[in-house]
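The structure appears right after this line, and notes come after that.
The values are calculated or read from the model by the stated rules, or taken from the named source; none is laboratory data. A quick note: this is a predicted structure, and the numbers were derived from the prediction, not measured. In this analysis, Cβ positions are derived from the backbone assuming ideal geometry, glycine residues included, and neighbour counts consider all displayed protein chains.
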Ligand SMILES: N[C@@H](CCC(=O)N[C@@H](CS)C(=O)NCC(=O)O)C(=O)O
């Protein structure tokens with residue numbers, strides 16, 4: 001059975017949502033990041049990078065949200081979580097996910113979790129808002145991230161808009177579309193089940 005290593009509310013929420021939306025048979029294993037469990041020899045044997053998520057499959061581990069989400073979408077095509085039969089559209093979805101992974105996540109990680117103060121924090125805030133602005137103004141489709149159909153990209157985006165709303169930086173006017181999108185993702189039954197499983201509330 002698939003086993004997802006996650007930390008409640010952290011970015012692995014995206015992979016967790018994908019598994020639940022897919023109707024996959026899986027189990028979850030919490031990794032306490034504050035206690036440093038991601039750096040234990042046992043966990044480093046699964047993900048040498050010492051970060052969550054990791055998904056243990058029958059062929060070994062997979063890491064990186066966008067990889068795990070792509071794997072889930074392709075393993076459960078009947079769930080229609082990605083344009084699996086259109087490699088260009090699949091690439092566009094992974095480009096969206098890649099932007100979240102390589103631009104939005106690092107900027108927000110610095111802002112929210114690096115303990116910055118003063119000018120350094122101001123700079124991190126400005127960078128985060130600029131990265132989210134690209135999604136709001138250009139990348140985000142309607143009603144879902146990639147257009148007509150819900151994909152794994154929607155669950156992934158909701159991780160960061162959730163953090164932004166919790167931090168009070170997802171302004172309703174500047175980020176009207178991102179706010180609407182987060183509301184739409186959070187009412188999905190699979191997402192509600194995942195939030196409950198991680199001990200979280202909708203924000
Ligand atoms: N690009 C990676 C980022 C993974 C990542 O940074 N995970 C964080 C939680 S959001 C983590 O486990 N941090 C613990 C650490 O680095 O010590 C992915 O999407 O899987």
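Scanning segment 26-50 for residues that are farther than 17 Å from residue 3 by Cα, within 9 Å of the ligand (Cβ to nearest atom) and either part of a loop (DSSP other than H, G, I, E, B) or not assigned by TED's automatic domain parsing to the domain that holds residue 60 (or both) yields 33, 36, 49.
Take segment 100-125 and flag every residue that is assigned to a helix (DSSP H, G or I) and away from the ligand (no atom under 12 Å from the Cβ). The answer is 107, 111, 118, 119, 120, 121, 122, 123, 124, 125.
Filter segment 160-185 down to the residues that are out of contact with any helix residue (DSSP H, G or I) (no Cβ under 7 Å at 6 or more places or on another chain) and assigned to a helix (DSSP H, G or I), then identify the one that is nearest to residue 73 (Cα to Cα). Checking each candidate, the answer is 184.
If only residues of segment 143-154 that are within 16 Å of the chain's Cα centre (by Cα) and outside any helix (DSSP H, G or I) are counted, the one that is surrounded by the most Cβ atoms within 10 Å (Cβ to Cβ) is 151.
Scanning segment 55-95 for residues that are in contact with a helix residue (DSSP H, G or I) (Cβ under 8 Å, 6 or more places away or on another chain), in a strand (DSSP E or B) and either surrounded by fewer than 15 Cβ atoms within 10 Å (Cβ to Cβ) or touching a residue at least 12 places away in the same chain (Cβ under 8 Å) (or both) yields 55, 57.
Residue 157: more than 27 Å from residue 71 (Cβ to Cβ) and assigned to a helix (DSSP H, G or I), yes or no? So residue 157 does not fit the description; no.
Test residue 79 against the criterion of being within 13 Å of residue 151 (Cα to Cα) and either more than 12 Å from the ligand (Cβ to nearest atom) or in contact with a strand residue (DSSP E or B) (Cβ under 7 Å, 6 or more places away or on another chain) (or both), and give yes or no. Here the answer is yes, as residue 79 does meet what is asked.
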